[in-house]
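Here's the structure, in structure tokens; my notes come after.
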């Protein structure tokens, strides 16, 4: 649903282009590639583009005299490998040698680098490859044509007689050749061709090639990769912030005397969002914060615990909510059903907890703007928010995007939260030094922006033949769209699309379907979390379907296939996962096999899990088999890694993770209480990719939704026990 | 002033004795390859070697590191380190990469002591290193690949 973002924001964030950057950067020769005006029109199944209707000049490729080709990557690489993937797309159409390819993060410039799905520059919703697929292929092909035209003119031969292979432009008849670097300067002076032929998928040598290494595979193994946390500006100081321990609390009074006595502490700043301690180094800042005495005003704070919130949610679920979908007459069909299955699902608050805690460095500039170094995920929003704080124009905010140590959604916020903090502190510090704001892990775990706490009540009915005839689902949970700049686009008739995605649009054939939603407000801040609404809707759906199959006395795979007629890609992954897992082969007592299938972010994934449950109820996940259809694969090695990692992510949280509140205070604070999956707990996993030449879609998130329900269904197969309350420890699993 | 031996060089640092080695490395010596992940020795992102033994730099006070030989990702070298880093690169282990310095330091220590680790050995040596991207299968495979490469 994120894919549908954001017309308002696009109109809102009009950043003039700074093409001067591209021309001047590093003495490199710039080959600007204009998008052909045919745009996406030649593609039958093109995405709905929210961005500029009239393609504007774009610049993605820099060819240097030393023959390196640098692709400017407009998306944040937070581990998903997009730097490599997008560079591959350009290299393919350019017929470059992979060894000459480099990647660099593009500057913040909405005019050049907006995400076409969002209308602003930003990364999310597993959109990056899908979004850049056309524009980078065309940019690469246009650049190639310009190199050929340059060689043709130089050698006085027809362009049609020139071939390009592995970075060499060659005229065979005269045995002349030139490398890209020799041609780039002249090529850049040519007009950009408006019509370029793109390669046929069968001719790809780099796209889909499993032997290409990630561009960051060396720098991230020798300690040289620079993350935001590693930025060191001359004279920089470090800030940590004391924030209200209760969500919605504000500063009442501050006693900073003891903090100021801590050696290394430079200043204590009371700000709207908390109290910042600025110090010579991180340790001093942390010690200074410990020495602060802050009294908080809880007048508007969340004082409830999660148990009380859940009790409120249960009451709400029994009342009519805002209708997300209503087909047929679910109430009537349930009344007439031969068998009815009911369940209540609970999904806890979850923290993203990326390995690199949130942080950003801000340096005020003499023109009244600033320069930001961050693992910037929503440059379009961050530029505007920073400009608002400083009272400057968005284009006076320069953002240097650097490698991010994970995100899982956390670094993209509609209000640029931690970036706003860093800019506010830098401003309050008066530009005396660049300020590096560091969140500790405790700040992160207790800092909100959680996957919302959700409660689902589901009631479904089968007819006498065991066919699903009715489904009624009530979903209760906070909206992270209401009240943000995305509300107008994402919330319709009171329904936040991200809370019901995967439920209200379920693929299974159900003639009578009713899904409604309550979005009770709370000061607890919430946010999209890797695979967003699908984190809970897919679980409820796939566990319910499994229960219905059992109630109907049907095989879980056959039952699903029956209801997925007209959905060949869902059927495809379901069948492949089942086949590879040996579905139907008997297992010894105490073992079970479970399956789940789901579409998210236009990709299709099925998981089969095999578990053992011992006499004490301890669950071991023996094996996970996954099938994925994400269209044309750009880098199979990275797809495998993302889907495998998404599986580990999902299982790790499902096993035991939850953020709970008592009296409004978060019970967990670090990785001791919010325990991440560890190496010994990662099950053996096989990822099978369906070959496809369909338009590529995302893989960062789609590996998540089906992993946990597959495990839950396997536990049921082994024990007859249903896991409705997450994490599994809440359902009696250990 | 505390004298530390970091990657074979003596470095004098003017820090309080209780400042964790992590912050000495990162903030005073600009050795940023060692990462801050949790600050309570729960994630292993800050793993360095003290006299060859893996320790969590976030829980190692600077004064306790005096008189020892500290090795960080920037200085780790030798047959085992080369094999581990080569296998990490060969198998494209990394995703976000933030934990990988620590993973590699733990893996180098494991393979230095044990050239042919079993899965249980790997569990024991590597469970202190969290990877939120869950690159664990490739970490395991890379350790085995490095062991094999050194045995060959």
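The values are calculated or read from the model by the stated rules, or taken from the named source; none is laboratory data. Since this is a predicted model, take the numbers as computed values, not measurements. Here the Cβ is made from the backbone with ideal geometry for all residues, glycine too, and neighbour counts use every protein chain on show.
Of all residues in the range B:126-146 being more than 16 Å from residue A:683 (Cα to Cα) and in contact (Cβ under 8 Å) with a residue 40 or more places away in the chain, which is farthest from the other protein chains (Cβ to nearest Cβ)? Full working, then the answer.
In the first step, residues of the range B:126-146 are kept if they are more than 16 Å from residue A:683 (Cα to Cα); the result is B:128-129, B:142-146.
Narrowing the set further to residues that are in contact (Cβ under 8 Å) with a residue 40 or more places away in the chain leaves B:128-129, B:142-143, B:145-146.
Values: B:128: 8, B:129: 7, B:142: 9, B:143: 10, B:145: 13, B:146: 12 Å.
Residue satisfying both the conditions and the ranking: B:145.
In the range A:54-159, which strands (runs of 3 or more DSSP E) lie fully inside it and hold 3 or more residues that are over 24 Å from the mean Cα position of the chain (by Cα) and not assigned by TED's automatic domain parsing to the domain that holds residue A:641? Because the criterion is at least 3 residues that are over 24 Å from the mean Cα position of the chain (by Cα) and not assigned by TED's automatic domain parsing to the domain that holds residue A:641, the strands (runs of 3 or more DSSP E) in the range A:54-159 that meet it are A:57-63. Residue check, residue A:131 against (1) crowded, with 23+ Cβ neighbours inside 10 Å; (2) at pLDDT 90 or above; (3) closer than 26 Å to residue A:646 by Cβ, all met but one. Which one? Failed condition: (2).
Of all residues in the range A:196-203, none are closer than 30 Å to residue A:662 by Cβ, exposed (fewer than 15 other Cβ atoms within 10 Å of the Cβ) and within 33 Å of the chain's Cα centre (by Cα).
Based on what the data block shows, is residue B:95 within 7 Å of chain A (Cβ to nearest Cβ), over 30 Å from residue B:13 (Cβ atoms) and in contact with a helix residue (DSSP H, G or I) (Cβ under 8 Å, 6 or more places away or on another chain)? Judged against the criteria, residue B:95 is a match. Here the range B:98-111 is the region considered, the condition is being more than 7 Å from chain A (Cβ to nearest Cβ) and out of contact with any strand residue (DSSP E or B) (no Cβ under 9 Å at 6 or more places or on another chain), and the residue that is surrounded by the most Cβ atoms within 10 Å (Cβ to Cβ) is B:107.
Looking only at the range A:169-187, which residues are surrounded by fewer than 19 Cβ atoms within 10 Å (Cβ to Cβ) and at pLDDT below 95? The answer is A:181, A:185, A:186.
Please verify whether residue A:330 is surrounded by 24 or more Cβ atoms within 10 Å (Cβ to Cβ), more than 20 Å from the chain's Cα centre (by Cα) and touching a residue at least 60 places away in the same chain (Cβ under 8 Å), treating the condition exactly as stated.
Values: surrounded by 24 or more Cβ atoms within 10 Å (Cβ to Cβ): yes; more than 20 Å from the chain's Cα centre (by Cα): yes; touching a residue at least 60 places away in the same chain (Cβ under 8 Å): yes.
So residue A:330 fits the description; yes.
For residue A:193, the test of being assigned to a loop (DSSP other than H, G, I, E, B) and at pLDDT below 95 is passed.
Does residue B:48 satisfy the condition of being surrounded by 24 or more Cβ atoms within 10 Å (Cβ to Cβ) and closer than 28 Å to residue A:83 by Cα? Steps first, please.
On the way: surrounded by 24 or more Cβ atoms within 10 Å (Cβ to Cβ): yes; closer than 28 Å to residue A:83 by Cα: no.
So residue B:48 fails the test.
Test residue B:69 against the stated conditions and say whether it is facing chain A (nearest Cβ under 9 Å) and surrounded by fewer than 24 Cβ atoms within 10 Å (Cβ to Cβ). When the stated conditions are applied, residue B:69 does not pass them. Taken as a whole, the structure leaves residue A:639 outside the set of residues that are more than 10 Å from chain B (Cβ to nearest Cβ) and farther than 30 Å from residue A:202 by Cβ. Residues of the range A:409-446 that are part of a loop (DSSP other than H, G, I, E, B), under 25 Å from residue A:664 (Cβ atoms) and within 14 Å of chain B (Cβ to nearest Cβ): A:409, A:410, A:439, A:440, A:446. Across the range A:649-682, the number of residues qualifying as facing chain B (nearest Cβ under 7 Å), within 25 Å of residue A:610 (Cβ to Cβ) and in contact (Cβ under 8 Å) with a residue 40 or more places away in the chain comes to 2.
Listed by first and then second residue, the pairs linking a residue in the range A:179-204 that is in the same structural domain as residue A:151 (by TED's automatic domain parsing) to a residue that is part of a loop (DSSP other than H, G, I, E, B) and exposed (fewer than 13 other Cβ atoms within 10 Å of the Cβ), with Cβ atoms under 7 Å apart and 6 or more places separating them unless they lie on different chains, are A:181/A:66; A:194/A:37. Quick check on residue A:717: is it touching a residue at least 40 places away in the same chain (Cβ under 8 Å), part of a helix (DSSP H, G or I) and within 30 Å of residue A:550 (Cβ to Cβ)? So residue A:717 passes the test. Within the range B:1-57, the only residue that satisfies the criterion of being over 15 Å from the mean Cα position of the chain (by Cα), part of a strand (DSSP E or B), within 12 Å of chain A (Cβ to nearest Cβ) and farther than 21 Å from residue A:439 by Cβ is B:13.
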